[in-house]
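Have a look at the structure below before the remarks.
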Amino acid sequence: MMTLKENIINESLKLFSLKGFVGTSIQDILSAAKASKGGFYNHFASKEDLFFNVLDEARKIWREKNLKGLDKIENPIEVIKQLLKNYKDRYLKDADDFPGGCVFITLSAELNDQRPQLSKEIEKGFVGLKEMLRRLLEQGKESGELLKAVDTDAVTEILFNGMLGASLAYGVNKSKTGLDKSINALIEYLEQL
């Protein structure tokens, strides 16, 4: 059974994916978590404090869903392909944790202008993902999976922005077929390099 703090974090994660941080009120959170104001403030100093707890939980879920099984794959390009499949099938299609779609996309778009200090926290994850993709692509060049002439910086941007675009489109239209086509196109692109 979840503690009150865990329940508030989980319900807030769902609400933030649907309504964003600014669009979610403390009352929305209290109602969803069936908590009192006292219960909330016993665990969180502020809504912003809750944001950082929710972000930690969202990152944990992202890693669990997207990195599953990658450590068993030796070829770097195959690792990227599995990451893309996990992202599509295990992460983006997870309507239980993220009923509104990828919480990082929702929050990044919303907070960039309104709360730039919070948006910077989300950007750290984007930078980390891009670094991971670039590192794997470089390893793919070194192992001969990719041609030496492949511009890994450009391919990193294409894959990263393709993932974000697929996430955004899926968040708007909830088309699993469209999501499959988008991510499969990235995998096919990678296979052609």
Report task. Can you work out the PRE-style zone for ARG63? Point 7 Å along Cα to Cβ, and I want the residues of region 89-126 with backbone N under 13 Å. Result -> 125
Requested in this report: Would you work out what percent of the accessible area of the chain, with all protein chains in place, is carbon or sulfur (probe 1.4 Å)?
Outcome: 50 percent
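Among rounded, prolate and oblate, which fits region 97-142 when a ≥ b ≥ c are the square roots of the eigenvalues of its C-alpha gyration tensor, a/c under 1.5 means rounded, and a/b larger than b/c means prolate?
Details: a/c = 4.35, a/b = 1.96, b/c = 2.21.
Taking the square roots of the gyration eigenvalues as a ≥ b ≥ c, region 97-142 is oblate.
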Requested in this report: Can you pull the one-decimal nm distance between simple spin-label points at LEU164 and GLU74, each 7 Å off the Cα toward Cβ?
Outcome: 3.6 nm
Report summary line: What helix-only [θ] at 222 nm does the chain give? Using -39500 (n - 2.57) per DSSP H run of at least 4, over all residues, to the nearest 500, the answer is -24000 deg cm²/dmol
Query raised in the report: How much net charge surrounds GLU157 when only other residues with a Cβ under 12 Å from its Cβ are counted (Lys, Arg +1; Asp, Glu -1)?
Result: 0
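Could you tally the net charge around THR24, taking each other residue with its Cβ under 14 Å from the Cβ of THR24, Lys/Arg +1 and Asp/Glu -1? Walk me through the intermediate numbers first.
Working: positive: LYS14, LYS19, LYS47, ARG115; negative: GLU11, ASP28, GLU48, GLU110.
Once positives and negatives cancel, what remains is 0.
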Requested in this report: On a 0 to 90° scale, report how tilted helix 76-86 is relative to the longest principal axis of the chain, with both axes built from alpha carbons and the result rounded to the nearest 10.
Outcome: 40 degrees
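Take the residue pairs LYS85/LYS130; LYS47/LYS88; LYS47/LYS174 and return only those whose Cα atoms are more than 24 Å apart.
Details: LYS85/LYS130 17 Å; LYS47/LYS88 30 Å; LYS47/LYS174 29 Å.
Too far apart for the 24 Å limit: LYS47/LYS88; LYS47/LYS174.
For the peptides 173-182, 92-101, what is the packing order when you average, over each peptide's residues, the other Cβ atoms within 10 Å and list the highest mean first? Before the final figure, lay out the partial values.
On the way: 173-182: 14.0, 92-101: 16.9.
For the peptides 173-182, 92-101, the packing ranking is 92-101, 173-182.
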Query raised in the report: Once both axes come from the Cα atoms, what is the angle between helix 103-114 and the longest principal axis of the chain, in degrees from 0 to 90, rounded to 10?
Result: 70 degrees
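What FRET efficiency do you get for GLU138 and LYS93 if R0 is 35 Å and r is their Cβ-Cβ distance, rounded to the nearest 0.05? Can you show the working numbers first?
On the way: r = 30 Å, r/R0 = 0.85.
The value I calculate is 0.70.
The values are calculated or read from the model by the stated rules, or taken from the named source; none is laboratory data. Keep in mind that this is a model prediction, so the values were computed, not measured. Note that each Cβ is placed from the backbone with ideal geometry, even for glycine, and that neighbours are counted across all protein chains shown. Note: areas computed on protein heavy atoms with side chains; ligands, DNA, RNA excluded. Shrake-Rupley method; radii C 1.70, N 1.55, O 1.52, S 1.80 Å.
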